[in-house]
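Visitor: Once you've had a glance at the structure underneath, I'll fire off some questions.
No value in this document is a laboratory result; all are computed from the given coordinates. A quick note: this is a predicted structure, and the numbers were derived from the prediction, not measured. For neighbour counting, all protein chains shown are included, and Cβ atoms are generated from backbone atoms with ideal geometry for every residue, glycine included.
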Amino acid sequence: MAPSALQPCAPGTFPTRSFFEQPPEFVAPRLLGKLLARNFKGRWLVGRIVEAEAYLGPHSRTPDAAAHSHRGPTPRNAVLFGPAGHSYVYSIYGRYFCMNISCEPAGRAGCVLLRALEPLAGIALMASNRGLDPKTAKPCQLTSGPSRLCQALALTRAAQNAIDLLSPRSQLQILEDGFCVTECLATPRIGISPSNPAFDWPLRFVLPGNPFVSGPRKHSGARHRIR
DNA sequence: CAGCCGATAAGCT
DNA sequence: GCTTATCGGCTGA
């Protein structure tokens with residue numbers, strides 16, 4: 001992808017709305033390899049999704065106590081109960097943000113948390129948004145981690161919550177560019193407390209071996225090949 | 001260099 | 001009081 005200035009539009013084509021109307025555990029692994037594009041001050045910042053987690057809605061047969069929606073709608077999580085394919089950005093621990101994509105048809109909740117991107121375009125701007133020196137920052141420091149990618153793309157709840165990711169007029173879009181994913185790995189989700197019944201559910205999906213996947217180099221816990 | 005610890009401090013219970 | 005996180009500082013190999 002050419003890191004040129006002032007592209008008129010983001011690269012690729014939109015997935016369908018019905019793709020996101022599926023359950024999050026269906027959407028999350030199939031989101032790997034797709035692009036997240038953010039129009040920031042006239043420039044497109046683009047990264048490929050290499051890690052994502054599914055969070056199940058309250059209608060699920062087995063309640064997902066790690067999901068914001070699991071006790072039903074609140075002002076904060078309202079977008080999760082709206083139409084599919086919209087951004088859900090929330091603040092965590094009072095200082096960072098995480099970005100999710102709403103799944104399931106309107107009336108039901110469920111979402112996919114974006115945990116890591118491989119930066120493709122606008123890399124110097126991403127570094128600067130992260131407060132790093134664009135000349136010395138390593139690509140792995142930019143978008144490997146759910147709050148890091150929000151910083152790199154300048155995503156906040158105030159400005160980027162509830163955006164339709166499937167509209168060509170949106171400043172934040174999900175796109176596909178023909179990138180072929182041949183396999184992905186499922187693992188337990190990161191950061192779920194051991195007392196949570198959903199602690200070890202294999203709902204985290206990564207491109208195996210991709211250097212931009214977040215987390216420590218050593219991973220404990222079983223991994224499963226799912227396709 | 002890897003791993004652990006504390007600070008941070010919104011939103012919901 | 002808990003949580004879908006990150007960073008800097010410390011500590012031990």
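Visitor: Just want the ordering: A:L80, A:L120, from fewest to most Cβ atoms lying within 10 Å of their own Cβ.
Guide: Numbers: A:L80 28, A:L120 20.
Going from sparsest to densest Cβ surroundings: A:L120, A:L80.
Visitor: What number, in percent, do you get for the relative contact order of region A:52-118 if the mean sequence gap of Cα pairs under 8 Å and at least 6 apart is divided by its residue count? All intermediate terms of the calculation are to be shown ahead of the outcome.
Guide: On the way: 137 pairs, mean separation 23.7, N = 67.
With pairs under 8 Å counted, the relative contact order is 35 percent.
Visitor: What ranking of A:D164, A:D64, A:D133, A:D200 emerges when the number of other C-beta atoms within 10 Å of each C-beta is taken as an exposure proxy, fewest first?
Guide: Ranked by crowding around the Cβ, least crowded first: A:D133, A:D200, A:D164, A:D64.
Visitor: Please compute the contact order of chain A in relative form: average sequence separation of alpha-carbon pairs under 8 Å and at least six residues apart, divided by the residue count, as a percent. Please report the intermediate quantities before stating the final value.
Guide: On the way: 533 pairs, mean separation 56.2, N = 227.
Rounded, it is 25 percent for chain A.
Visitor: Would you mind counting up the charge near A:S87? Only other residues with Cβ under 11 Å from its Cβ, with Lys and Arg at +1 and Asp and Glu at -1.
Guide: Numbers: positive: A:R38, A:R157; negative: A:D164.
The answer is +1.
Visitor: In nanometres, what is the gap between the two model label sites at A:A106 and A:S128, each 7 Å from Cα along Cα-to-Cβ?
Guide: The answer from the label model is 3.9 nm.
Visitor: Give the distance, in whole Å, between the Cα centre of region A:20-55 and the Cα centre of region A:63-132.
Guide: For region A:20-55 versus region A:63-132, the Cα centre distance is 10 Å.
Visitor: What residues have an amide H closer than 5 Å to that of A:F40, excluding those fewer than 5 places away on the same chain, when H is modeled at 1.01 Å from N in the peptide plane?
Guide: Amide H neighbours of A:F40, under 5 Å, 5+ apart: A:L45.
Visitor: About the Cα centre of chain A, how large is the charge dipole given +1 on each Lys and Arg Cβ and -1 on each Asp and Glu Cβ? Please answer in debye to the nearest 20.
Guide: Details: 26 positive and 13 negative charges, 95 e Å.
With only Lys, Arg, Asp and Glu charged at Cβ, the dipole is about 460 debye.
Visitor: What order do you get for A:H68, A:H59 when you list them from fewest to most C-beta neighbours inside 10 Å? Please report the intermediate quantities before stating the final value.
Guide: Numbers: A:H68 18, A:H59 13.
With the fewest neighbours first, A:H68, A:H59 line up as A:H59, A:H68.
Visitor: Another question, then. According to the square roots a ≥ b ≥ c of the eigenvalues of the Cα gyration tensor, what is the shape class of region A:94-227, taking rounded for a/c under 1.5, prolate for a/b larger than b/c otherwise, and oblate for the remainder? Each step should come with its number before you reach the end.
Guide: Details: a/c = 1.45, a/b = 1.17, b/c = 1.24.
Note, shape of region A:94-227 comes out rounded.
Visitor: Which residue, A:P63, A:P75, A:P168, has the most motion in a Gaussian network model of chain A that connects Cα atoms within less than 10 Å?
Guide: The residue that fluctuates most here is A:P75.
Visitor: Quick check: net charge around A:D177, other residues with Cβ under 15 Å of its Cβ, Lys/Arg +1 and Asp/Glu -1? Spell out each step's value before the answer.
Guide: Details: positive: A:R30, A:K34, A:R48; negative: A:E118, A:E176.
Once all neighbours under 15 Å are counted, the net charge is +1.
Visitor: For region A:1-102, with only Lys/Arg (+1) and Asp/Glu (-1) charged at the beta-carbon, what is the dipole magnitude about the Cα centre, in debye rounded to 20?
Guide: Using Cβ point charges on Lys, Arg, Asp and Glu, region A:1-102 gives about 320 debye.
Visitor: Then there's this: So which aspartates and glutamates can A:K138 reach, going by Cα to Cα under 14 Å and dropping same-chain residues fewer than 8 places off?
Guide: A:E118
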